[in-house]
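The block underneath contains the structure these notes are about, expressed in structure tokens.
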Amino acid sequence: IAVREVIGDALHPIKFETEEQFFNAKTHERVSTESEMLQKIDEIRGRRGFLFWNKKNSNVEAALKFVSEYRRKSHGTIDHSVRNGSLITRPNILFMLADDLGYGDLSVPPFHCRDGHPCGYINPYQSSAFPCTEGGILSPQLERMAKNGAIMTNFHASAPVCSPSRASIMTGLYPWRLTAMNAFELGRDMSQRNGFLAQVPTTAETLRELGGYYTAHSGKWHLGGMREELRRDRALRDQCTRPSPNQHGFEEYISELDGPESPRYTFLNRNSELHSKGHRHLIKDDIPMPIKEKPNGEENVLSDREAEDAIQFMKTAKEKYPGQPWFIQVWFNAPHGPWEVLRSGEQLYDVKYNKTAADWANFVCHNEKEKLHSNSRWRYKTMVSAMDRSIGLLLDALKQLDLESNTLVVFTSDNGHEMGSGQAAIYKEGKRSLMEGGVRVPAIWQWPGHIPANSYTTYWGAHTDLLPTFLDVANIPHPLTPIPGSTISSRSISSIRFDGISLLSVLLQATPITSPADVYSHHSSSVKTIPGEKEIKMRYFSQSQHADNMENDLSADSATTTNSTIIPMSHSKVMLEIKEALGTNASLNAALSGRVFLWHKDTDPYSRDERMQSAGYFKELKIITSGASGCLDRVFDLRQDPTESENLVGHSHHCDVNFDNFGFKKIEGIISKDRIGKSVCPTKISIEACRSRYYGLLISKVLHLMSQLAPFAKFGNTGHQKYMRDIDSSSTCINNVQVYKRDANDSNHSVDGKHVCVCGIPGVSQVKVMDYVKGVDEGQQCLGFKWGCTQPCY
């Protein structure tokens with residue numbers, strides 16, 4: 001095999017036009033039979049002593065023994081190579097992720113447009129609209145899932161594009177903390193073209209290491225490390241310069257190659273065949289899989305294959321590790337382009353429109369210039385419905401394997417819809433945009449007996465919340481939570497916080513749906529403070545959310561003490577400025593307490609926007625900045641304007657406020673008080689006094705957001721950059737234990753005044769360090785990843 005080093009020539013790849021040309025080039029290894037594939041996988045296992053590391057390495061062996069003993073004593077779990085049936089009380093977790101699915105692209109309310117609203121897709125069950133441009137997407141299996149669980153109407157992606165969102169899902173961190181700003185393997189920016197998720201603690205690894213979970217991944221990866229030359233480095237030479245799903249905690253995975261010379265990005269994309277022929281180019285645990293077709297020329301849809309592989313993982317877990325909990329994620333390639341007509345999805349529309357396969361093939365749209373099968377929206381529609389059918393296979397399997405009652409099932413999307421395909425319901429823009437249409441995504445949760453059936457919540461959530469929620473569901477403490485009886489000083493392990501929080505208590509108390517109108521509340525945070533909020537704060541060291549009570553916001557006397565505040569000491573000057581400007585000593589801790597969420601991206605623009613943009617959300621207020629300088633050019637009051645239709649920043653004030661130049665008076669100068677509507681004020685409060693107070697609070701919220709967004713956008717990835725510089729680029733999957741020492745004078749990392757070390761065991765538990773950066777707010781900076789090292793190293 002003449003393997004090319006594409007990393008060094010990423011912008012000049014071979015552009016294979018056909019599968020035959022790809023095979024004839026012999027640049028990628030092929031496997032002919034199932035037995036050949038299994039033999040190669042067994043060779044890797046035998047060589048390393050286990051799939052992920054070599055226990056025969058004396059340094060690694062000693063570290064493993066040390067870590068296992070710590071877990072046995074402190075966590076009540078054992079080394080994951082020995083299965084423990086007593087963990088049966090922990091539920092299974094099935095996590096399903098769509099690719100580029102818009103907020104309005106399902107038949108589950110409110111994830112479609114309401115009747116009468118001027119957008120392309122309306123309720124499919126109440127319309128006979130013409131199929132070329134209108135009529136909703138059918139998703140009966142997700143409707144079924146929603147009937148058995150809860151929908152989150154206010155759930156958000158951590159980024160408006162693929163790889164950064166997936167990195168956030170895997171880690172519970174903002175993507176920018178991991179220097180993920182754009183889709184890996186694409187674009188002209190070589191840092192993202194060669195980007196990958198470094199070996200830091202992930203969802204799969206945490207559940208496996210601390211909860212004894214069997215872990216498996218099926219479907220798209222797109223987190224780097226999946227080029228042919230990188231795959232061969234791992235499979236043949238144990239060189240792990242770019243990790244695969246295995247090195248991120250998955251005991252087994254089935255996916256496809258990425259990279260500019262992969263089938264996905266060459267002939268499958270060029271010929272719009274990814275979803276009908278992508279099953280022919282899969283790999284399992286770094287070994288190519290033999291081509292497997294269905295009998296009688298039956299359609300072999302990629303989403304079906306992704307679901308079937310996940311079902312086989314379920315069976316493996318049940319048969320090989322009876323009673324053991326499992327975490328299986330299915331990341332569908334659908335409905336990401338290239339779009340193609342999939343008959344398994346199109347069949348759902350036969351009955352609705354009283355058509356046959358032949359009718360659809362010959363159907364001509366109203367302009368008489370385009371056949372329906374050439375229409376991108378129709379192709380997209382069939383792909384979403386085909387994916388929904390695949391989801392049905394997974395839900396059916398849970399029932400057939402008697403696993404449904406003890407399995408949490410989650411479905412969401414990585415970001416908004418691509419232009420020319422889906423819809424964002426009532427929201428604006430789509431993929432690549434930080435407007436709601438680019439980051440607001442459907443979310444459905446099912447856990448019989450725990451999450452109420454046919455329920456909903458309007459609580460604000462995001463991708464960063466998935467990992468903390470999964471830990472909560474599995475009853476696993478935050479890895480750095482002080483453990484009673486442990487000899488570890490809590491000071492040495494309390495420096496990490498996820499950027500997300502657990503949503504479990506919200507979901508367990510979701511509101512029953514009594515009428516379709518219930519789920520069409522498009523206000524951003526119209527719920528009360530959640531029960532269990534204090535416990536969440538204690539377990540996850542994160543900012544808790546608080547209700548937006550309008551009268552509390554506006555009354556100087558009614559504010560009460562809250563469980564948490566996100567105003568760090570470094571913002572004391574901001575607080576003084578706000579108090580001085582408002583001329584009141586009211587408790588601003590209540591008005592300015594609550595969850596802040598931050599975005600930072602550098603992607604191809606949605607329309608005419610700049611590539612680099614940052615955004616922040618806080619208590620129904622959203623700001624968007626442009627460029628590296630952070631020009632504040634968009635402010636939306638979501639309480640009055642949930643669809644972001646009215647930008648409060650005047651066009652003549654472009655860049656008057658930016659990351660280096662912002663303050664109360666500055667912000668006041670670009671936002672007019674006249675833009676504040678009377679509808680925001682309760683009737684029992686004086687309208688004019690209310691508007692003045694509301695305006696002052698709005699300016700205060702903008703200032704509060706800017707004071708956190710500015711250092712985040714400038715320095716949010718500083719720890720990751722240092723971390724990456726410290727990693728030996730030639731490290732292997734079986735490398736020795738690495739030790740990092742801290743400064744003894746750093747009180748954040750001292751135990752009894754002595755050095756604190758962090759042990760990194762590449763390929764074992766992937767423990768590495770992201771150092772604290774002086775001058776960056778603690779609440780917005782990852783201080784370190786460290787579990788597995790349980791005593792000082794000198």
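The values are calculated or read from the model by the stated rules, or taken from the named source; none is laboratory data. Values in this document were obtained by computation on a predicted structure and should not be read as measured data. Virtual Cβ from ideal backbone geometry, glycine too; neighbours counted across all protein chains shown. SASA here: full protein model, heavy atoms, side chains in, ligands and nucleic acids out. Shrake-Rupley method; radii C 1.70, N 1.55, O 1.52, S 1.80 Å.
Points worth noting:
- Among the GluC sites (Glu not before Pro) found in the range 594-662, those both in a DSSP coil and sparsely packed, with 14 or fewer other Cβ atoms within 10 Å of their Cβ, are 610, 646.
- Cut-off under 5 Å, modelled amide H: who pairs with residue 596 long-range: none
- 5 angstrom amide H check on residue 240, placed H, neighbours 5+ away: 732, 733
- Accessible surface for residue 265 stands near 60 Å², nearest 10, in the context of the full protein assembly shown (1.4 Å probe).
- Cleavage-rule hits, trypsin sites (Lys or Arg not before Pro), the range 289-347, DSSP coil, Cβ neighbours within 10 Å at most 12: 292
- A cut-off of 5 Å between modelled amide H atoms, ignoring neighbours fewer than 5 places along the same chain, links residue 621 with 638.
- Applying 1/(1 + (r/R0)^6) with r as the Cβ-Cβ distance of residue 721 and residue 354 and R0 = 60 angstrom yields a FRET efficiency of 0.50.
- Working note: Karplus 6.51/-1.76/1.60 with θ = phi - 60° gives the range 498-506 the couplings 5, 7, x, 10, 6, 9, 4, 5, 5 Hz, where Gly and Pro are set to x.
- Here the extension length gained between residue 147 and residue 296 equals 50.1 nm, from 0.36 nm per residue of separation less the Cα-Cα distance.
- Area of residue 676 that stays accessible when all protein chains are in place (1.4 Å probe, Å², to 10): 0
- Entries of 601/673; 428/666; 147/399 with Cα pairs more than 26 Å apart: 601/673; 428/666
- Rounded to the nearest 10 Å², the accessible area of residue 690 at probe 1.4 Å: 0
- Derived scalar couplings between HN and Hα for the range 140-145 equal x, 6, 6, 4, 4, 5 Hz in order, rounded to whole Hz, by the Karplus curve 6.51 cos²θ - 1.76 cosθ + 1.60 (θ = phi - 60°), x for Gly and Pro.
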